[in-house]
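Peer 1: This is the structure I have questions about; it appears just below.
The values are calculated or read from the model by the stated rules, or taken from the named source; none is laboratory data. Just so it is clear, the model here is predicted, and its values are computed rather than measured. Neighbour counts are summed over all protein chains in view; Cβ atoms, including those assigned to glycine, are modelled from backbone coordinates with ideal geometry. What goes into the accessible areas is simple: the full protein's heavy atoms, side chains included, and nothing from ligands, DNA or RNA. Shrake-Rupley method; radii C 1.70, N 1.55, O 1.52, S 1.80 Å.
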Amino acid sequence: MVALLALGLAARPAAARLLPAMPVVEARLGSAGAIGGDVAEGGPSGALGLLWPAARGVLAGVELSADDFGSSVGRLRDPNDGEDLGAVADVHRAALGLAWRIDGRMSTWHGVQPFATGTWGLWRIRDDHLGHSTNSSTAAGLSAGGGVRRGFGGVSIGASAAWHRVFSPVVGRWLAVGLDLGWR
């Protein structure tokens, strides 16, 4: 029994080298705007990333994002005489993305750390009308952005902006800006 315990303690450093480090969890909450496409009202935007150290100042991992592009406005017309009865919500559009992410962190200056970020992956673009799906498509895309953050122990807070380009005829591009939160 003692020999087994000694063997386990001796193997522990080797096992620690094989297991990945705990990831840095990054979250962004904000809004989407500057949207290309016919539904471009804008709306809430968010992302959650899990990043592991890849090199000095470089983190790599995955990101799940959700962006709301808003709704287009249509006109309600009387079916009998065609009279305009007013504005109504028409098509609502949103995107859900899963992408590889890489961050480059620069030197801290007065407690503030600038960073650059990029992703590439797949986005699911979905149209709906009053909650009922009317159209959806999946397209490859990428993003590039940056921001600043300030660390407070194991937590960081900051702001960022990322330009997204998805190769879809429905939505080509948008800008997501927001508040960043990070945990180590």
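Peer 1: Over all directions, what mean area does the Cα convex hull of segment 100-184 project, stated in square nanometres? Please report the intermediate quantities before stating the final value.
Peer 2: On the way: hull surface 27.1 nm².
Its average projected convex-hull area is 6.8 nm².
Peer 1: With the full set of protein chains in place, find how many percent of the accessible area of the chain is carbon and sulfur; take the probe as 1.4 Å.
Peer 2: On the way: 7290 of 10840 Å².
Within the chain, the accessible surface is 67 percent carbon and sulfur.
Peer 1: Rounded, prolate or oblate for segment 132-172? Axes are the square roots of the Cα gyration tensor eigenvalues, ordered a ≥ b ≥ c, and the cut-off for rounded is a/c under 1.5. Mind dumping the intermediate values first?
Peer 2: On the way: a/c = 4.26, a/b = 2.44, b/c = 1.75.
Because a/c hits 1.5 or more and a/b exceeds b/c, segment 132-172 counts as prolate.
Peer 1: As a test of the formula, what do you get for the chain when each DSSP H run with n ≥ 4 contributes -39,500 (n - 2.57) and the sum is divided by the residue count, at 222 nm and rounded to the nearest 500 deg cm²/dmol?
Peer 2: -3000 deg cm²/dmol
Peer 1: Test of the criteria: in segment 43-125, which trypsin sites (Lys or Arg not before Pro) are in a DSSP loop and have at most 16 other Cβ atoms within 10 angstrom of their Cβ?
Peer 2: Sites meeting the loop and neighbour criteria: Arg56.
Peer 1: Here is a further query. Starting from 0.36 nm per residue, how many nanometres of slack lie between Ala40 and Val73 once their C-alpha separation is accounted for? Provide the component values of the computation, followed by the final result.
Peer 2: Details: separation 33, 0.36 × 33 = 11.88 nm, distance 1.06 nm.
The Ala40-Val73 span can extend by a further 10.8 nm.
Peer 1: Just to be sure I understand: if I project the alpha-carbon convex hull of segment 16-113 onto a plane and average over all orientations, what area do I get in nm²?
Peer 2: Numbers: hull surface 40.2 nm².
Averaged projected area of segment 16-113's Cα convex hull equals 10.0 nm².
Peer 1: Separate question: Which distance in nm do the two modelled labels at His132 and Asn80 give, with both placed 7 Å along the Cα-to-Cβ direction?
Peer 2: Going by the 7 Å Cα→Cβ label model, 2.4 nm.
Peer 1: Accessible area per residue of the chain at 1.4 Å probe, in Å²? Each step should come with its number before you reach the end.
Peer 2: Numbers: 10840 Å² over 184 residues.
Solvent-accessible surface per residue comes out at 59 Å².
Peer 1: With θ set to phi - 60°, apply the Karplus curve 6.51 cos²θ - 1.76 cosθ + 1.60 along segment 113-124 and write out the HN-Hα couplings as whole Hz, x wherever there is a Gly or Pro.
Peer 2: Residue by residue, segment 113-124 yields 10, x, 8, 10, 9, x, 9, 8, x, 10, 10, 9 Hz.
Peer 1: At each listed q (0.17 Å⁻¹), what is the log10 of I(q)/I(0) that the Debye formula gives for the chain modelled as equal alpha-carbon point scatterers?
Peer 2: -1.03
Peer 1: For the chain, what does the relative contact order come out to in percent, with C-alpha contacts under 8 Å and a separation of six or more? Could the numbers behind the result be given before it?
Peer 2: Working: 483 pairs, mean separation 37.2, N = 184.
RCO, the chain: 20 percent.
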